[in-house]
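Here's the structure we're looking at; comments come further down.
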Amino acid sequence: MKKILFLVLTLSIISFAFANVKLIFWHSIADYQKPALDKLVANFNASHPQIHVISIYQGNYDQMVTKLKTALLSNRAPDIVQLNIEHLRIFTANDQLVDLSNYVSKDPKLRSDFIGSFWKTVVINDKVYALPFNISCLMLYYNKDLFRKAGLDPNKPPRTWKEMEEMAKKLTIRNSPNSKPSQYGLFWGVDGQDTAFYQFEPLIWENKGRVFNASMTKCVVDQPPAVDALKMWKHWFDIGISPINMTYQEGIQAFMMGKIAMGPMSSGGTRYGIDNLPWDLGVAMLPSHKATVTTLGGGAIAMINGISKEKRAAAWEFMKWITNTKNTLYWYENTGYLPVRKSALNSLQIKLIWKRFPQLKPAIEAIPYARPRPVNVDIIQIRHILYTAIEEVKHSMETPQQAFNDATKRVNEILKREKLK
Amino acid sequence: MNSKLKKTIKGYFFISPSATVMIVFIFFPLLYAFFMSFHQWDMSSQAIFVGFQNYVLALTSTQFWNSMFYTLYYVLGVLPFSLFFGLFFAILLRDGTMRGVGIYRMIYFMPVVTSPIAAAMGFNWIFQSQMGIANHIIEKFGGQDVSWLTNPTGILQMFFNNFNISLPTILQGPSLALVVIILLGIWQNVGYSTVVYLAGLQSISSTYYEAAALDGASEWKSFWNITLPLLSPSTFFLMIMFTISSFQVFGPIQIMTPSGGPLNTTSVVVFYLYRQAFSYYNMGYAMAVAFLLMGMILLATIFQFKFLERRVYE
Amino acid sequence: MSKRTNIRVITLKHLILIAGSFFMLFPFFWTLSTSFKSLKEIFKNPFSLLPANPTFGNYVAIFTKIPFARYLLNSFVVASLTTLLQIATAILSAYAFSRLEFKGRDLIFYTFLATMMIPGQLLMIPQYLVVSSFGWVNTYQGLIIPYTATAVTTFFLRQFFLTIPKDLEDAAVIDGCNELQILTKIFIPLLKPAVLTIAIFSFMWSWNGYFWPLLIVNVPNMRTVQLGLAMFRTEGGMQWGQFMAGTVVATLPILIAYFIAQRHFVKSITLTGLKG
């Protein structure tokens, strides 16, 4: 009797602790990925009757920062939020996210199950501020049908920049020798809107260069490795294998329409490509140069500082749940974002997923080569400067050296101002 | 109570609802913004007083001046064409007995009531490089497809490229992307100026023309000597309205070129300040830029009142 | 002028006007046409003037994928109430500025007018702080109240008031009417078409508003049409057919309102006299 009473008591305390906690969850998961997230949230709500998570799309990653900043200004912030891993610092700088270190230390298995390089992206000054959720690698997407038509082996994507250039030449088709190509071999498009400059960093890294020095106090793109990478990128446009006058978005559209044969894209879109492209999609590791590197990008889920204890407990429950082995695999299969747990990588299910969707596998193999992007509180502004610099080069307004010299100077001014704060 | 005081109280009573709203939601925020323009503030940490630093930074920044030029291009592109086509169509529609006048008037006014966001989505779709119908039509007629939204070269420079002449940056003209946005502006304005000019035309008494005809003046001459001067109040009114609205263009730019266009060539002042405020969180700086823009608009309006109102025929 | 040249002139006029109409209407037509094309058709043949297999799929999608009906309702509530209040405050102040004489009148009027020159983005953050201190974030009040007094409406109505001869109200004063009675009994009935015109404009400005809702609305069920549309633009990837369907639905109500009221437009704009 006593035992039962005790059980009832503890149960009621536990359920009281979660008594109908409503959690507002802001995210930037849009378009074709949204149904998968909605499904996960619905499953969570069904299996956790005491917690109700309401997920709300608030625009792309950059827009989310704006939304959250204004909401925090008037104490109208949500309880949990999915942020780009590169934007965490903007909020931790002002103590606006909950330090999760205590929760994590209570659960040692959890920490060791997260993939190391992913985990590092959420640790700032030795404190844990989020759990990695939708992590992606930049991959080379290519059109196998076009490879076949050009007489190339569709199962042998380029492994080096040189091979890529050679293949791209073969994949560029002109109706007459002097006309504009009707099909381009390559589009190394760089996004200027959301998380700008994303696709350019791996070029610098593969050329054994850096964007910033190790302590993030100076921009170093004016050094030869970065400038040479820029020269190479420009070269691809100059020799006519890449379309010069397309925005990043238009480039993706042209790729979908089969007018471009290859290009770097986030692994997060793989499943969409498999389901929707009317031609055979190939996904491969980015071609190497002096080194083999790809960009680690994506988002993590964090808690907003100032929410009640009950909400924090419920939020932690949700964050752990949505990143657990089963759910991270579901998320992976339905989007192409990488599983965040080691246990998922070693599971039997993942092998079944690869059987169904072989294009999802290369991104897993790229994980050891993936490097997170350098971050800083003013990163959005800094990236716009770097993006403008490479655009100037693309349109032959500046030489690579000159453009990166100017950009370095401007970025360093921002970094210097930050130090004074 | 004396009657003067009574009248004053009455007057203030009538304007009090408007005045209250304006004080709370415009004048107080304006003061606050002015105060913030002397601070460095990122919306999260404590604001730091920096004196005139934001204004100095803006006035010495190339980006700021570039954005001023792009704004000027926009205003100078939209204003004259909106007036010209408005007048042109108004004259064609002047004869109220002509068949279909009502329908034409209705059609021409439709873009005016369309939301800038929706209109920009439509234009964006038309001027897509791959799937846009504009390029398709050009190719049909044997032309090369045009990179409407991605080529940063100014249109004047494009023309002079044929002669291998390179113009200084300021004189290169707006990029095609900005031209498309200017087209959108004209498209949305023409209907309004047509209707205003029509109203103006209808108020011109026919006796003027009869007198001119008796004097043997040609139609062209009576247009220059009668119509145009008598329409000057309408022109003046439209100029003021379009100047104020054109200086503040933003929505279509945000929708059509979310990253500020090729090499920031569509980054007009409001876009620039919006980005400083809501992407970079340089709040104080953005507000300083906004006050500089306000000064520009004020100067332009005062200029128009000083130099053009005198020429308005009363 | 002979009859023949007359016919020629009229034909030429029509030709030019039809060409003009083509440019005015084409974006509408193209948007409408695309909205009935499936994504597959758009990718396969984006340029066919009319959809080969017209589909309502895009319209179904926008009403099921996102709560577009709710956005429409929100915009309707916000735009109607804003218009109503805006007209009410404007009638009162326009009457005062045109008919009453009091100390500081012109100064206040020009101060009102000058607010047109303030770039909206400048005020947004402080306005946001004011509204959030009232607890109005994510509410209809927050969307409506800050826009219930504008310089433009006041200015236009004042122009209308100035066109009404003074004798009319002098007669009323002799009859012993007070200002409020004069306003409601004489001015408002006379100004019906003008007020209707201004109302359409106010409704349109409010309906088309974007940045203010963007700033103060964080929950989907308070989003307005324009906000939903722009959000959908980033949310929807490459769904051009659906964007165009959204654009059509967002534009249609305002066009219908315009079609109903357009007869009054020219008349009212003539009334302003544009002498101010």
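The values are calculated or read from the model by the stated rules, or taken from the named source; none is laboratory data. What you see is a predicted model; the values in this text were computed from it and never measured. FYI the Cβ positions are ideal-geometry reconstructions off the backbone, even for glycines, and counts take in every protein chain you see. Note: accessible area is taken over every heavy atom of the protein model, side chains too, but ligands, DNA and RNA are not part of it. Shrake-Rupley method; radii C 1.70, N 1.55, O 1.52, S 1.80 Å.
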Per the list (1) within 14 Å of chain C (Cβ to nearest Cβ); (2) open to solvent by 10 Å² or more (accessible area, probe 1.4 Å); (3) not in a loop (DSSP other than H, G, I, E, B), residue check on A:Asn75 breaks on (3)
Mind checking which helices (runs of 4 or more DSSP H) fall wholly inside the stretch C:136-251 and carry at least 3 residues that are among the β-branched types (Val, Ile, Thr)? C:151-162, C:192-208
Note on B:Gly102: of the conditions (1) surrounded by 15 or more Cβ atoms within 10 Å (Cβ to Cβ); (2) assigned to a helix (DSSP H, G or I), unmet is (1)
Residue check for C:Ile42: in a helix (DSSP H, G or I), among the β-branched types (Val, Ile, Thr) and touching a helix residue (DSSP H, G or I) at 6+ places or on another chain (Cβ under 6 Å): yes
Could you check the stretch C:96-111 and list, in sequence order, the residues that are crowded, with 20+ Cβ neighbours inside 10 Å, at pLDDT 90 or above and at the interface with chain B (Cβ under 7 Å from one of its Cβ atoms)? C:Ala96, C:Ile108
Pick from B:Leu292, B:Leu299, B:Leu263: which is more than 11 Å from chain C (Cβ to nearest Cβ) and of a type in the set (A, V, I, L, M)? B:Leu263
Scanning the stretch A:384-418 residue by residue, the ones that are assigned to a helix (DSSP H, G or I) and free of Cβ contacts under 8 Å to residues at least 12 places away in the same chain total 6
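Conditions (1) within 9 Å of chain B (Cβ to nearest Cβ); (2) crowded, with 18+ Cβ neighbours inside 10 Å; (3) of a type outside the set (A, V, I, L, M, F, W, C), marked per residue:
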residue	(1), (2), (3)
C:Ile174	no, no, no
C:Gln181	no, no, yes
C:Ile186	no, no, no
C:Met204	yes, yes, no
C:Phe211	yes, yes, no
C:Ala230	yes, yes, no
C:Met238	no, yes, no
Scanning the stretch A:242-268 for residues that are touching a Gly at 6+ places or on another chain (Cβ under 6 Å) and either at pLDDT below 95 or open to solvent by 10 Å² or more (accessible area, probe 1.4 Å) (or both) gives A:Tyr248, A:Gly251, A:Phe255, A:Ser267, A:Gly268
Unique match (being within 30 Å of C:Gly241 (Cβ to Cβ), more than 8 Å from every other protein chain (Cβ to nearest Cβ) and open to solvent by less than 50 Å² (accessible area, probe 1.4 Å)) among C:Ser35, C:Ser21: C:Ser35
Given the options C:Pro119, C:Pro126, name the one that is surrounded by 17 or more Cβ atoms within 10 Å (Cβ to Cβ), without any contact (Cβ under 8 Å) to a residue 60 or more places away in the chain and within 14 Å of chain A (Cβ to nearest Cβ). C:Pro126
Kindly indicate whether any position in the stretch B:201-209 is under 30 Å from B:Gln188 (Cβ atoms) and open to solvent by less than 40 Å² (accessible area, probe 1.4 Å). yes
The lone exception for A:Gly209 - which of (1) part of a loop (DSSP other than H, G, I, E, B); (2) over 25 Å from the mean Cα position of the chain (by Cα) it fails: (2)
Could you list, in sequence order, the residues of the stretch B:274-292 that are free of Cβ contacts under 8 Å to residues at least 60 places away in the same chain and assigned to a helix (DSSP H, G or I)? B:Tyr274, B:Arg275, B:Gln276, B:Ala277, B:Phe278, B:Ala286
Which condition does B:Ile117 not pass, out of (1) aliphatic (A, V, I, L, M); (2) assigned to a helix (DSSP H, G or I); (3) under 17 Å from A:Ala254 (Cα atoms), if it passes all the others? (3)
Looking at (1) assigned to a helix (DSSP H, G or I); (2) open to solvent by 30 Å² or more (accessible area, probe 1.4 Å); (3) within 11 Å of chain C (Cβ to nearest Cβ), find the lone condition where B:Met239 falls short. (3)
How do the helices (runs of 4 or more DSSP H) wholly within the stretch A:87-135 filter down when requiring 1 or more residues that are among the polar types (S, T, N, Q), buried (at least 17 other Cβ atoms within 10 Å of the Cβ) and assigned by TED's automatic domain parsing to the domain that holds A:Ser343: which remain? A:88-92
Could you check how many residues of the stretch C:118-152 are closer than 25 Å to B:Gly11 by Cα, touching a Leu at 6+ places or on another chain (Cβ under 6 Å) and of a type in the set (A, V, I, L, M)? 1
Where a residue in the stretch B:220-242 is closer than 30 Å to C:Val152 by Cα and its partner, wherever it lies, is open to solvent by 40 Å² or more (accessible area, probe 1.4 Å) and charged (D, E, K, R), with Cβ under 8 Å and at least six apart: B:Ser232/B:Arg311; B:Pro233/B:Glu314; B:Pro233/C:Lys275; B:Phe236/B:Glu309
Name the residue, out of A:Ser182, A:Ser215, A:Ser176, that is among the hydroxyl-bearing types (Ser, Thr, Tyr), modelled with pLDDT under 95 and not in a loop (DSSP other than H, G, I, E, B). A:Ser182
Identify all residues within the stretch C:45-61 that are assigned to a helix (DSSP H, G or I) and β-branched (Val, Ile, Thr); write none if there are none. C:Val60
